[in-house]
Structure formats: structure tokens, C-alpha cells
Amino acid sequence: MEIVDEAIAGGHKIIVFSQFVRMLKLIEERFKQASISYEYLDGSTRDRMSRVRRFNKDESVSVFLISLKAGGTGLNLTAADMVVHVDPWWNPMVEKQATDRAHRIGQDKRVVTYKLITAGTIEEKMLKLQQKKQSIFNAVIEENKNPVFNLTWEDIKELFEWED
């Protein structure tokens, strides 16, 4: 809420992504309590394009709450200049594709992206896995290299270790 409040006060428009509809519903309740004007989209949403148009054109709508899977493709949200990922997805390309909803033809603002990660959680470990996957992608696709990369048993175990 602190990020959203400061962004709205600064005149920014924000896309908030979560992979969990339940999390979006919790955020939606907080927005209602705080009288924050928003749009909402998940897999059950009908008339997606009217919501997109309203977010892009209506200055009073500051935030767009979107489920990661429902909003990963087919949306052009160039009114946004801020993207917040509430929880990480194991595949960095899915998050990148979602973030790219703000990086479309017609975007004339710099877009800032935030990822919210709680220290000492599986999400923190997922972020490390994402970084490994991103480096593989960069080496293979962007740098045209064939890296020698092995996801070791230790890497897999590390994902599921819990610290007391």
C-alpha cells in the first residue's frame, strides 16, 4: 500500500500483478477501504477491452489489478508507468511478458518495475531460480552461446529448504 499511495500521490498509474486471484481480492478490499480508484482483471473477467480503455483514458483510475495469467498477453496498457509484481512466478519470461503490457507502441514514459519479495521465503529462492533462468536465456538467445549449465541436486534442494 505504501508503494501505491506514494505512486498515486506522484501522479503515476500502476499495474499490480499477482499470480493468485485471492491475493488480488485482498488488495482490492484494501483499495476499497482507501477509496482508491482501480480496474480489475482476472480469468473470469468479461469485456476486458473496456477495462483496458478505462484504465488508459480515465485519469481518475490509478491502478489496474491483474492476474498474471489473464494479463500476460493481449493488453496494451501504455497509461501505466509503474508495474508491481506482488509475488514472483518461477518463469521470468512470464513476468517479463506481463510487464511488457506497459512497454507497448505508444508508450512515452519511463516504466519502473517493482518485485515484492519477502526475505527468507520460497519466493526469495524462486527469485534466485529466475535469475539463473534469465542468465541461461541471455546466453542462449541473446548472446548466441551454448552455455554449460546444470541445475544440480543441491540447487533443487535449496528451493525447498526452510530455515528455522
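Residue pairs whose Cβ atoms lie under 7 Å apart, sitting 6 or more positions apart in sequence or on different chains, and linking a residue in the range 119-136 that is touching a residue at least 12 places away in the same chain (Cβ under 8 Å) to a partner that is surrounded by 14 or more Cβ atoms within 10 Å (Cβ to Cβ) and in a helix (DSSP H, G or I), are GLN130/PRO92; LYS133/PRO92; GLN134/PRO92. Annotation: of all residues in the range 1-25 being under 16 Å from the mean Cα position of the chain (by Cα) and without any contact (Cβ under 8 Å) to a residue 40 or more places away in the chain, the one that is nearest to LEU65 (Cα to Cα) is LYS25.
Quick check, is LYS69 surrounded by fewer than 19 Cβ atoms within 10 Å (Cβ to Cβ), in the same structural domain as PHE17 (by TED's automatic domain parsing), within 15 Å of ILE15 (Cβ to Cβ) and not polar (S, T, N, Q)?
Values: surrounded by fewer than 19 Cβ atoms within 10 Å (Cβ to Cβ): yes; in the same structural domain as PHE17 (by TED's automatic domain parsing): yes; within 15 Å of ILE15 (Cβ to Cβ): yes; not polar (S, T, N, Q): yes.
Judged against the criteria, LYS69 is a match.
Annotation note: Cβ proximity below 8 Å between a residue of the range 51-63 that is aromatic (Phe, Trp, Tyr) and a residue that is buried (at least 17 other Cβ atoms within 10 Å of the Cβ) (sequence gap 6+ or interchain) occurs for PHE55/LYS13; PHE55/GLU39; PHE55/VAL61; PHE55/PHE64; PHE55/LEU77; PHE55/ALA79; PHE55/ALA80. Among the residues of the range 41-60, those identified as surrounded by 14 or more Cβ atoms within 10 Å (Cβ to Cβ) and part of a loop (DSSP other than H, G, I, E, B) are ASP42, THR45.
Yes or no: the range 80-90 includes at least one residue that is charged (D, E, K, R), surrounded by 13 or more Cβ atoms within 10 Å (Cβ to Cβ), within 30 Å of LYS157 (Cβ to Cβ) and free of Cβ contacts under 8 Å to residues at least 60 places away in the same chain. Scanning the range 80-90 turns up no residue that is charged (D, E, K, R), surrounded by 13 or more Cβ atoms within 10 Å (Cβ to Cβ), within 30 Å of LYS157 (Cβ to Cβ) and free of Cβ contacts under 8 Å to residues at least 60 places away in the same chain.
Residue by residue, here is whether (1) at pLDDT 95 or above; (2) not charged (D, E, K, R) holds:
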| position | (1), (2) |
| --- | --- |
| GLY11 | no, yes |
| PHE20 | no, yes |
| LEU26 | yes, yes |
| GLU29 | yes, no |
| MET49 | no, yes |
| VAL63 | yes, yes |
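The values are calculated or read from the model by the stated rules, or taken from the named source; none is laboratory data. Note that the structure is a prediction, hence the values are computed from the model and not measured. Neighbour counts run over all protein chains shown; Cβ positions are idealised from the backbone, glycine included.
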